[in-house]
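Notes to accompany the following structure.
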Amino acid sequence: MAGGQEAEYKFDVRRLMSTGQRIIGIVEGDSAPDIFIPRLIELYEQGRFPFDQLVTYYQFDQINAAMDDAHHGKTIKPIVRF
């Protein structure tokens, strides 16, 4: 979690183990950018990944609003312009 925040997750260990599932930590998507980014562009061009609908732009003086909107789920990815 960002900013030193902690999170607690609960799950049924017996179910997890009996189904062969596992928990894996992922940092920043853990992808191969040379493959992943061109694929995202391709999906966007096909109209199947509307990433432009996932972002909201804010001017620098709106930085607090950007943080608040992200915290309350009003935007998925705030982008602050300088």
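Report the gain in length on full extension from residue 69 to residue 16: 0.36 nm times residue separation, minus Cα-Cα distance, nm rounded to one decimal. Mind showing how you got there, number by number?
Values: separation 53, 0.36 × 53 = 19.08 nm, distance 3.45 nm.
Extending this stretch completely gives an extra 15.6 nm.
Which angle from 0 to 90°, rounded to the nearest 10, does the C-alpha axis of helix 33-45 make with the longest principal axis of the chain?
60 degrees
Within 10 Å, count the other beta carbons around each residue, average over each peptide in 48-58, 6-16, and list them highest first. Could you put the intermediate results ahead of the total?
Details: 48-58: 11.5, 6-16: 7.0.
Most protected by this proxy first, the peptides run 48-58, 6-16.
Across the range 11-81, what fraction of all alpha-carbon pairs, as a whole percent, falls in each successive 10 Å bin from zero upward?
16, 25, 31, 23, 5, 0
Mean separation of Cα pairs under 8 Å and 6+ residues apart, divided by the residue count of the chain: what relative contact order is that in percent? Working shown, then result.
Details: 45 pairs, mean separation 16.8, N = 82.
Reported relative contact order: 20 percent.
Computed from the coordinates by the stated procedures, all read-outs in this text should not be read as laboratory data. Small disclaimer: the values here were computed from a predicted structure and weren't measured. All Cβ positions, even for glycine, are placed from backbone atoms using ideal geometry, and neighbour counts span all protein chains on display.
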